Amino acid sequence: MKKKFALVSAASAAILVNLPAFANEAAAAVATDGMSIGTGLKLIGAGLAIGLAVVGAGQGQGHAAKGALESIGRNPQAYNKIFTPFLLAMALIEFQAILGLIIAFLILGK
């Protein structure tokens, strides 16, 4: 876990150090493409909305499935009592990912 955190921290620091170079390239691209900064920020916001929603939904589904399968493994007779709430939880978690997609479309205005 500490190695992953160190890797993510190093990658984030490398990106932050190079932001001025990215900004200069972006300014040159805006001058040639005619895209405004507001449009770029909308695209970034939409990407973050759907990206974070999908990551959160994936982690939530993984934890829910892990808990349900461990419970069924320990007590197989409780399958009927565990399965229905598990499916309901999966549906609600999946709706969160779909809601992230809807928010991304609303941000883009399409």
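Derivation of every value follows stated rules applied to the coordinates shown; laboratory data play no part. Please read all numbers here as calculations on a predicted model, not as lab measurements. Here the Cβ is made from the backbone with ideal geometry for all residues, glycine too, and neighbour counts use every protein chain on show.
Given C-alpha coordinates of the stretch 36-110, what is the ratio Rg to Rh with the Kirkwood estimate of Rh? If you can, show how the numbers build up before the last one.
Details: Rg = 17.2 Å, Rh = 14.0 Å.
We get a ratio of 1.23 for the stretch 36-110.
Were the residues from residue 55 through residue 71 laid out at 0.36 nm apart, the gain over their Cα-Cα distance would be 3.3 nm. Peptides 39-51, 70-82 ranked from most to least packed give 39-51, 70-82, packing being the mean of other C-beta atoms within 10 angstrom over each peptide's residues. For residue 90 and residue 44, what does the FRET efficiency come to when R0 = 35 Å and r is the distance between their Cβ atoms, rounded to the nearest 0.05? It comes out at approximately 0.70. Extension gain, residue 105 to residue 82: 0.36 nm times the residue separation minus the Cα-Cα distance gives 4.8 nm.
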